[in-house]
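**Q** Just passing along the structure, written as structure tokens.
Derivation of every value follows stated rules applied to the coordinates shown; laboratory data play no part. What you see is a predicted model, and the numbers here were worked out from it, not measured in a lab. With ideal geometry, Cβ positions are generated from the backbone for all residues, glycine too; neighbour counts draw on all protein chains shown.
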Amino acid sequence: KNYRTVIWGAVLFSLLVIGIIVTYLNISLKTNNLNNEMENLKKEVGDLNIQLIGSQEIQEMLQSPDVQVVNLKGTNFNPQSFGKLIIDTEKGVGYIKLAQMPSIPEDKLFQLWVNISGNYISLKSFQSADTMGFYSFKMLTLPKGEGINFRITEEPVSGVTTPGNKVYLQGLLNP
């Protein structure tokens with residue numbers, strides 16, 4: 001009789017331990033999932049906050065008398081794409097908004113160029129075409145009285161000093 005009681009006690013104890021372990025693992029898994037979701041939400045809130053700040057800066061720029069807007073049009077290589085450059089040379093800042101840009105390989109990036117007096121200068125490189133937001137860049141002082149060309153090209157991630165032949169967008173600013 002004592003032997004049966006000990007066996008039943010051991011079985012019940014084992015079941016209790018297994019139940020506690022399963023409950024612990026289940027709660028631990030749910031906690032980890034909630035922590036991951038919380039981290040993703042924090043990142044999303046941070047990204048939205050950055051977009052809000054950028055939108056406020058753009059609104060302020062658009063109210064300035066010195067702001068210039070350049071329409072970017074798709075080339076024969078990519079005719080459906082378009083974009084806008086919003087430039088404030090007084091503050092030395094600009095924003096670019098892209099639309100209908102294609103996906104590019106991971107080992108490539110888009111690069112924004114300005115042609116000043118025959119020399120191309122890189123203004124911004126970005127990995128993908130985020131159609132929801134704006135990309136900011138530092139703007140150079142532009143010379144007066146001559147048309148200034150802008151273009152967006154596909155380049156290697158390592159970067160280049162002159163634009164390649166794969167031009168997605170281009171536009172002209174007449175100061």
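**Q** Return a yes/no flag: does the range 30-44 have any residue that is of a type in the set (Ser, Thr, Tyr) and surrounded by fewer than 14 Cβ atoms within 10 Å (Cβ to Cβ).
**A** Yes - at least one qualifying residue is present in the range 30-44.
**Q** Whether any residue in the range 49-67 is surrounded by fewer than 17 Cβ atoms within 10 Å (Cβ to Cβ), touching a residue at least 24 places away in the same chain (Cβ under 8 Å) and not in a helix (DSSP H, G or I) is what I want to check.
**A** yes
**Q** Which of the residues spanning the range 76-88 are touching a residue at least 24 places away in the same chain (Cβ under 8 Å) and closer than 24 Å to residue 165 by Cα?
**A** 77, 78, 81, 82, 83, 85
**Q** Does residue 105 count as in a loop (DSSP other than H, G, I, E, B) and under 23 Å from residue 159 (Cβ atoms)?
**A** So residue 105 fits the description; yes.
**Q** Scan 42, 73, 91 and give me the residue that is closer than 27 Å to residue 167 by Cα and of a type in the set (Lys, Arg).
**A** 73
**Q** Between 137, 150, which is in a strand (DSSP E or B) and over 28 Å from residue 49 (Cα atoms)?
**A** Details: 137 fails: over 28 Å from residue 49 (Cα atoms).
Residue meeting the stated conditions: 150.
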